[in-house]
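See structure below.
The values are calculated or read from the model by the stated rules, or taken from the named source; none is laboratory data. Just so it is clear, the structure is predicted and the values come from calculations on it, not from any experiment. Heads up, the Cβs are rebuilt from the backbone with ideal geometry, glycines too, and the neighbour counts pull from every protein chain shown.
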Amino acid sequence: MFPKMLIAGPCAAESEEQVTEVAQALAPLRPIFRAGIWKPRTQPDTFQGAGERALVWLQKVQCEYHLPVATEAGTPQQVLAAAKAGIDYLWIGARTAANPIAVQALADAVKACVQDGCRLQGLLIKNPVHDDAALWAGNILRLQAVGLPVIAVHRGCNHRPCWQTAYGIRCRMPDIPLLMDPSHMSGNADKVAELCRTAVELDYDGLMVEVHSHPDRALSDARQQITPQQLYALIDSPAGTLTDERELRWLRKMIDEADDELWQAVAARMAVSRRIGDYKRKQQMPVLQPDRFNQILQKRLQWAEAHGLSPDAVQTIMEQIHKESVRVQL
Ligand code: PEP
Ligand code: MN
């Protein structure tokens, strides 16, 4: 399974030795080599990236292994520093992508660098960290106005794929290459291979994968990085079939995701129900409260009407859920 476009490398450039070790291991695959040097971390007391000094390490990857290199820029100053250092691709991360003012400022900075003759070859834009296809599409338009090729990177939200968001971009902007980032999508190295197979089934244009020679020692995203050997193994694995059923595969991914959400909601409802059961027991109230159930049911029947669902079906499902709620309270 060789992706049409492969971006691979560590979450973060940690040291010259670490960058060189991964680049050397990956060089035969000819990927675009990725490494974050300014890391948008949730907590201030964690590793924030090596900063500007890591640009030299990436230049070494360009010179010694003849690989194009990519890094994340979150501010116009970072764009300038990266462009000055001759970085080939910049990506805009999911957190920055949530803020259109920040994305526009980055687009403006890149445009100025391109006018000054920098060697940037393209811009990658992740989906925003919250599920918002329209904002992702708007960001793509902002970057397209710069004049460099733009590539969309689907990394999901909170370790959920959000297939619908990526499908929306695929349909609305069929000419924009769409890559999958299975590392951030799953947050789990054990799930990366499976997601890569899905990317092939759904005809993504490529992959952005986090690879570290010693994931257990990584200073960021340790749990989701795979080793170079694991990347070789998954690239050597069979591609799976690509047929005209692609549309159906996308739709089935969305159904699976909707089912996951549905059943998680049912489980969450039952957990609340158990707490209500404890309360009723303490207050010596009867478990069955027909008036309350009737209220809930009427509300859902009106809702069914407004959302084009059959009231009979909604009533049947609601009664079953209620039956289970009563059972867990007994
Ligand atoms: C990354 O690619 O290292 C990164 C921080 O990604 P995201 O913005 O998708 O979290
Ligand atoms: Mn990462």
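Side notes on the structure shown:
- Each residue in the stretch 101-140 was checked for being aliphatic (A, V, I, L, M), farther than 14 Å from Gly168 by Cβ and either in contact with a Cys (Cβ under 8 Å, 6 or more places away or on another chain) or in a helix (DSSP H, G or I) (or both), and 12 of them qualify.
- Scan the stretch 1-43 for residues that are within 16 Å of ligand 2 (Cβ to nearest atom), surrounded by fewer than 16 Cβ atoms within 10 Å (Cβ to Cβ) and either free of Cβ contacts under 8 Å to residues at least 12 places away in the same chain or of a type in the set (A, V, I, L, M, F, W, C) (or both) and the total you get is 2.
- Which numbered condition Ala304 fails, given (1) out of contact with any Pro (no Cβ under 8 Å at 6 or more places or on another chain); (2) farther than 23 Å from Tyr167 by Cα; (3) small (Gly, Ala, Ser): (1)
- The stretch 202-233: number of residues that are within 15 Å of ligand 1 (Cβ to nearest atom), part of a helix (DSSP H, G or I) and in contact with a helix residue (DSSP H, G or I) (Cβ under 6 Å, 6 or more places away or on another chain): 3
- Residue check, Gln48 modelled with pLDDT of 95 or more and outside any helix (DSSP H, G or I): yes
- Within the stretch 47-72, considering residues that are charged (D, E, K, R) and closer than 16 Å to Ile32 by Cα, the one farthest from ligand 2 (Cβ to nearest atom): Glu64
- Test set (1) over 24 Å from Gly93 (Cβ atoms); (2) among the small types (Gly, Ala, Ser); (3) in a helix (DSSP H, G or I) - Ala199 fails condition number: (1)
- Within the stretch 110-161, restricting attention to residues that are β-branched (Val, Ile, Thr) and within 14 Å of ligand 1 (Cβ to nearest atom), the residue that is nearest to Leu179 (Cα to Cα) is Val153.
- When residues of the stretch 270-295 are limited to those that are part of a helix (DSSP H, G or I) and surrounded by 14 or more Cβ atoms within 10 Å (Cβ to Cβ), the one nearest to the chain's Cα centre (by Cα): Met270
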